[in-house]
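Reading through the C-alpha cells given below for one structure.
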Amino acid sequence: MKSKNSLLFISTATLFLSLIFTACTQNSRSQKKGKPADVVRNEEAGQIIKVQVETDTLKGSLKAEAQGSIGSATVKIRYYSPAVRGRVVWGELVPYDQVWVTGAHNATSLQSDKDLTIAGKKIPAGKYALFTIPGKNEWVIIINKNWQQHLADNYSEKEDMFRIKIKPGIHTENQERLRYEVVSDAGSTGQIVMTWGKLKLAIPVKH
C-alpha cells in the first residue's frame, strides 16, 4: 500500500513539475517573440532633427520631437519631418493660403505641463494641434483642440483655441528636414521655432 502511495505521489509531483516547466518555456518564447519593454516604451519617442544642410536622399517623413523648458514649463512638439529633396517647398509642395499640418502625416502636436501664453494668447496646460496657414508675407498660426487627426482631414475651425499672425523670417542656410526647436530665452520667455528650407518661423511663448 505504501509503495502504491509513493508511486502516486511521485507521479503527481512529476506531472506538476512538468506543467511548470512547460508554462515557463512558453512564457520565455512569447517574450522572445514580443518586443522588450524598453523598446515598447520608446515607440512613442521620435528623432531629434538636427541642423542639416546637405540633401537628404531618404524617402519619407521621419517621426520626430522637440522638447525644452520655457520658464518652469516643459514644452514638447511631436511631428513628422519631411525633407526638401530638391523640391520647391513654399507655394508648391506646401500651398499658400491653405490649412497645413505644419509637418506631415498626423497633426503636429504641442504639449505643455503648465499654462502658456503664445503671442499674447493664453492656453491652459494640455495637448493641442499646431496648424498653420502659410502665406507669402504672413503666416496664420492656429492652436486647435483636436490633435488626434490625420493631416488636416478632420480640421474644424470651430475647435480652434485661437489664431495669430506672424511674419516668417529667412534662414541663412538650407534646412533639409523640417525642424522644430523649443528655445528658452531670458526669464520665463522663449520661442517655438520651425525651420524648413530657407524659411524660419519663430512663435513667441511665455510661461
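At what distance in nm do the modelled label points of ASP160 and THR117 sit from each other, each positioned 7 Å from its Cα along Cα→Cβ?
A separation of 2.2 nm, rounded to one decimal place.
If each residue's Cβ is checked for other Cβ atoms within 10 Å, how do TRP90, TRP147, TRP196 rank with the fewest at the top?
TRP90, TRP147, TRP196
Rounded, prolate or oblate for the stretch 43-114? Axes are the square roots of the Cα gyration tensor eigenvalues, ordered a ≥ b ≥ c, and the cut-off for rounded is a/c under 1.5.
Here the stretch 43-114 falls in the prolate category.
Using Cα pairs under 8 angstrom and six or more residues apart, how large is the relative contact order of the stretch 121-207, in percent?
21
Name the residues of the stretch 106-137 whose amide N is less than 15 Å from a point 7 angstrom out from the Cα of LYS167 along the C-beta direction?
135-137
Among VAL140, VAL94, VAL53, what is the fewest-to-most ranking by other Cβ atoms within 10 Å?
VAL53, VAL140, VAL94
With contacts defined as alpha carbon pairs under 8 Å and 6 or more residues apart, what's the relative contact order of the stretch 50-157 in percent?
Here the relative contact order equals 22 percent.
Working out 0.36 nm times the residue gap between LYS198 and ASP153, then minus their Cα-Cα distance, what length gain in nm do you get to one decimal?
13.5 nm
Straight-line reach only, C-alpha to C-alpha below 17 angstrom: list the aspartates and glutamates that LYS63 could link to, leaving out same-chain residues fewer than 8 apart.
Counting by Cα, and skipping residues close in sequence, LYS63 has these aspartates and glutamates nearby: GLU43, GLU44, GLU176, GLU181.
FYI, it's all coordinate maths here, none of it is from the lab. Treat the numbers as computed from the prediction; the structure is a model and nothing was measured. With ideal geometry, Cβ positions are generated from the backbone for all residues, glycine too; neighbour counts draw on all protein chains shown.
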